[in-house]
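The values are calculated or read from the model by the stated rules, or taken from the named source; none is laboratory data. Because the structure is predicted, anything quoted here is derived from the model rather than measured. Ideal geometry is used to build each Cβ from the backbone, glycine not excepted, and the neighbour counts take in all protein chains shown. Accessible surface is based on the protein model in full, side chains and every heavy atom, while ligands, DNA and RNA are left aside. Shrake-Rupley method; radii C 1.70, N 1.55, O 1.52, S 1.80 Å.
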Amino acid sequence: MNARDAEAAAQLIALGMQPRQLVARDVVYADLVRRYTEDDEFTELVHAVAAGLGLLVLAAGTRSGIVLAPTEGSVFEIRMDEYARRTSVQNRREEKVLHGLIHLAVAALAFPRPDDLGNDSYVGRVSVDQVDSAVRDACRMLDERAKTAEENHDPPEDAPELERAWRAYLRRPSAPPTRDGRRSFAATHGMIAKALKFLAEQGLMVGVSNEQGGVFRTTPRYQVQVRELAGQRAFTELLELGVVPVTDPGGSLRVGERPE
């Protein structure tokens, strides 16, 4: 391996950091991905260059391109508190928890079954209304769980992360009207719309329609990211609550019915 190889490795990483760049539309990108999958030495070099930049290679293929994730402390890392701060007008800590809960719900609804994550051809669909309905259902279920266990109004410190968030989410209105007709980012609909638009900006989602508050479909890049997320405890807890709706035979997700 020489300087030209190092340049090619860096170029592949640079292409992977462009959210909307597609392998199918870029011959150079396609050649570099092919080399990554076929040349072990080049693969190692790409990993080394990525590591030096504070990045981890999650996957690489013709559908997803090269998918990268920042390591802890990386200059490319987007921390949840920083993400929440962009539109936060209330309690910083509460905002961070709520935004994290919303992103977990989006991932769980996009790929509600293990087979969905393992099927490279699967495409999930989520909407703002659907996410809000599912999270509120989860919060109501946690509320009932707390009452059944005769817990006090503030869950104990050793309670699961989701149980520490349900009250904060239920306190927020879904979509209060604003004077100029725009969404309030302090309301849950506004927070969910922000999350989905952020994912779209990162090449992880694609907007489909304005129905149901906004409908988005997943991309192969997002599928790879969620595979990594699926191993985290909070994601597992959300799925175990049983409020994630099952997909219909066509593969698109239904909006969960609200309880009466």
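For the stretch 121-135, give me each residue that is touching a helix residue (DSSP H, G or I) at 6+ places or on another chain (Cβ under 7 Å) and not small (Gly, Ala, Ser).
Start the filter on the stretch 121-135 by keeping residues that are touching a helix residue (DSSP H, G or I) at 6+ places or on another chain (Cβ under 7 Å), which leaves 122, 124, 126-132, 134-135.
122, 126, 128, 129, 130, 131, 132, 135 - these are the residues of the stretch 121-135 that are touching a helix residue (DSSP H, G or I) at 6+ places or on another chain (Cβ under 7 Å) and not small (Gly, Ala, Ser).
Out of curiosity, is residue 105 modelled with pLDDT of 80 or more and of a type outside the set (S, T, N, Q)? Explain how you work it out, then say what you get.
Details: modelled with pLDDT of 80 or more: yes; of a type outside the set (S, T, N, Q): yes.
For residue 105, the condition - modelled with pLDDT of 80 or more and of a type outside the set (S, T, N, Q) - is met.
Can you tell me how many residues within the stretch 196-216 are in contact (Cβ under 8 Å) with a residue 24 or more places away in the chain and either farther than 16 Å from residue 108 by Cβ or in contact with a His (Cβ under 6 Å, 6 or more places away or on another chain) (or both)?
10
Restricting attention to the stretch 54-87, and to residues there that are within 19 Å of residue 197 (Cβ to Cβ) and open to solvent by less than 20 Å² (accessible area, probe 1.4 Å), which single residue is modelled with the lowest pLDDT?
Only one residue tops the list, namely 84.
Tell me which residues, restricted to the stretch 29-51, are open to solvent by less than 70 Å² (accessible area, probe 1.4 Å), out of contact with any strand residue (DSSP E or B) (no Cβ under 6 Å at 6 or more places or on another chain) and either farther than 18 Å from residue 71 by Cα or part of a loop (DSSP other than H, G, I, E, B) (or both).
Residues satisfying the conditions are 29, 30, 32, 35, 39, 42, 43.
Quick one: count up the residues across the stretch 199-220 that are open to solvent by 30 Å² or more (accessible area, probe 1.4 Å) and at negative phi.
Of the residues in that region, 10 qualify.
Filter the stretch 4-28 down to the residues that are of a type in the set (A, V, I, L, M), in contact (Cβ under 8 Å) with a residue 40 or more places away in the chain and part of a helix (DSSP H, G or I), then identify the one that is farthest from residue 221 (Cα to Cα).
Residues of the stretch 4-28 of a type in the set (A, V, I, L, M): 6, 8-10, 12-15, 17, 22-24, 27-28.
From what is left, the residues that are in contact (Cβ under 8 Å) with a residue 40 or more places away in the chain are 6, 9, 12-13, 15, 17, 22-23.
Remaining after also requiring part of a helix (DSSP H, G or I): 6, 9, 12-13, 15, 23.
Values: 6: 24, 9: 19, 12: 15, 13: 14, 15: 13, 23: 12 Å.
So, considering only residues that are of a type in the set (A, V, I, L, M), in contact (Cβ under 8 Å) with a residue 40 or more places away in the chain and part of a helix (DSSP H, G or I), the one farthest from residue 221 (Cα to Cα) is 6.
Can you confirm whether residue 182 is surrounded by fewer than 17 Cβ atoms within 10 Å (Cβ to Cβ) and either modelled with pLDDT under 75 or of a type in the set (S, T, N, Q) (or both)? Break it down into steps so the answer makes sense when it comes.
Details: surrounded by fewer than 17 Cβ atoms within 10 Å (Cβ to Cβ): yes; either modelled with pLDDT under 75 or of a type in the set (S, T, N, Q) (or both): yes.
Answer is yes for this residue.
Please give the number of the condition residue 1 fails out of (1) closer than 19 Å to residue 54 by Cα; (2) assigned to a loop (DSSP other than H, G, I, E, B).
Checking residue 1 against (1) closer than 19 Å to residue 54 by Cα; (2) assigned to a loop (DSSP other than H, G, I, E, B), the one that fails is (1).
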